[in-house]
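The values are calculated or read from the model by the stated rules, or taken from the named source; none is laboratory data. Keep in mind the model is a prediction, meaning the values are calculated, not measured. Neighbour counts run over all protein chains shown; Cβ positions are idealised from the backbone, glycine included. The protein model used for the area step is the full one, side chains on, heavy atoms only, and it has no ligands, DNA or RNA in it. Shrake-Rupley method; radii C 1.70, N 1.55, O 1.52, S 1.80 Å.
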Amino acid sequence: MTELQGFVIRKAEPPDISQIMQINLETLPENYPEYFFREIYDRYEKAFFVAETEGKVIGYIMCRMEGGVSNFGLRWIRRGHIVSIAVLPAFRRQGIASELVKNSMKALKTEYNAKEIILEVRVTNLAAIRLYDKLGFSRIRTLQAYYRNGENAQLMAYKFE
Ligand code: ACO
Ligand code: ZN
């Protein structure tokens, strides 16, 4: 558990999922049915975190594990994948997303033995791209027409030393 000014970052729990889904709907075009959140929670709960203030969930991060070819060399590796992260607009620019990502990065490495972490982000989403830049992620390549509206994704990756 991490204490920011007036916020707590803690592991997600099943009763949080309805609030997490609501934040996801309000903040991102990529929305998922409840079973998707539950399945990620059931399989990777140790890397699933929420930010909370006054008993209300105001941000979340969820991740999964997968195998794949390294983005830093020709090896097959276990890697974490940041599936979705969001913070409600009223609570942004206070370091909450940074803290959520740091908690998941640590859990992916120590609990799930991830060697790298990847994610996709809209090429126009400069706020998120800068967040990942700041945390040490590299911009790997763009994925053409990755999103349903035809927009490109920036593939970003982080390698644990
Ligand atoms: N403009 C420019 N840079 C920004 C912005 C912005 N609006 N927001 C964050 N950053 C960068 C800055 O470098 C910032 O550091 P600074 O404040 O010291 O300058 C750094 O990111 C860290 O910011 P945080 O305060 O930790 O981020 P925040 O809690 O505001 O959340 C987030 C950032 C998650 C991108 C938020 O804006 C959000 O929820 N957006 C909508 C959902 C979204 O786009 N999610 C990411 C999609 S990609 C994916 O899920 C894999
Ligand atoms: Zn993805």
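Restricting to DSSP loop positions (anything but H, G, I, E, B) with no more than 15 other Cβ atoms inside 10 Å of their own Cβ, which GluC sites (Glu not before Pro) remain in the stretch 43-86?
Here the GluC sites (Glu not before Pro) that fit, given the DSSP loop and packing criteria, are Glu54.
Report, ordered by chain and residue number, the lysines lying within cross-link reach of Lys134, taken as a straight Cα distance under 18 Å and ignoring same-chain residues fewer than 8 apart.
Of all the lysines, those that pass the test against Lys134 - Cα under 18 Å, at least 8 places apart if same chain - are Lys102, Lys106, Lys159.
Taking all pairs of distinct Cα atoms, average 1/r, flip it, and tell me the Kirkwood hydrodynamic radius of the chain in Å to one decimal place.
16.0
Over the Cα atoms of the stretch 44-108, Rg to Rh with Kirkwood Rh, two decimal places?
Numbers: Rg = 13.9 Å, Rh = 12.9 Å.
Radius of gyration relative to Kirkwood radius: 1.08.
In nm, what is the difference between 0.36 nm times the number of residues separating Arg43 and Arg10 and their Cα-Cα distance?
Gain on stretching Arg43 to Arg10: 10.1 nm.
Translational diffusion coefficient, Stokes-Einstein: compute it for the stretch 97-159 using the Kirkwood radius over C-alpha pairs as Rh, at 20 °C and 1.002 mPa s, and state it as an integer in µm² s⁻¹.
175
Taking only protein heavy atoms into account and a 1.4 Å probe, give the accessible area per residue of the stretch 2-159 in Å². Kindly include the intermediate steps, with their values, before the conclusion.
Working: 8430 Å² over 158 residues.
The answer is 53 Å² per residue.
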